[in-house]
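The values are calculated or read from the model by the stated rules, or taken from the named source; none is laboratory data. Everything quoted here is computed from the prediction, not taken from an experiment. All Cβ positions, glycine included, derive from the backbone under ideal geometry; neighbour counts span all protein chains shown.
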Amino acid sequence: MYICPKKNLSYTNIDLGKYCKDQDTEVCMLKLKSTFFNVCIIAVYRAPTGNFNLFLNRLDDIIKTLYKVDLKLIICGDVNVDYLTDSD
């Protein structure tokens, strides 16, 4: 998994490989370099057959590790949850 930034953006790849587990949690992150703001873009994926609780725990660990008052986090991706049906 990877994020493709626009060519004129300055960024740094952040390695989150230790949080990845095939089918359960795939994640990657970029930190955008700007003098005006601090922002990280996190892309996540969980396969439909993946363990949802493990996914939530790992995402929580990532957010807790990265959290800073002046840092904006943008989290996007596909967690394969159907919110229109009742399920565990």
Among residues of region 17-46 being of a type in the set (A, V, I, L, M, F, W, C), at pLDDT below 90 and assigned to a loop (DSSP other than H, G, I, E, B), the residue surrounded by the fewest Cβ atoms within 10 Å (Cβ to Cβ) is F36
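Would you confirm whether any residue within region 26-42 is more than 29 Å from K7 (Cβ to Cβ) and of a type in the set (D, E, K, R)?
Going through region 26-42, the residues more than 29 Å from K7 (Cβ to Cβ) turn out to be none.
Within region 26-42 (the criterion being more than 29 Å from K7 (Cβ to Cβ) and of a type in the set (D, E, K, R)), the answer is no, since none of the residues qualifies.
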Considering only region 48-61, state which residues are surrounded by 15 or more Cβ atoms within 10 Å (Cβ to Cβ) and either among the small types (G, A, S) or part of a loop (DSSP other than H, G, I, E, B) (or both). G50, N51
Can you give me the number of residues within region 68-88 that are over 18 Å from G50 (Cα atoms), touching a Phe, Trp or Tyr at 6+ places or on another chain (Cβ under 9 Å) and in a loop (DSSP other than H, G, I, E, B)? 1
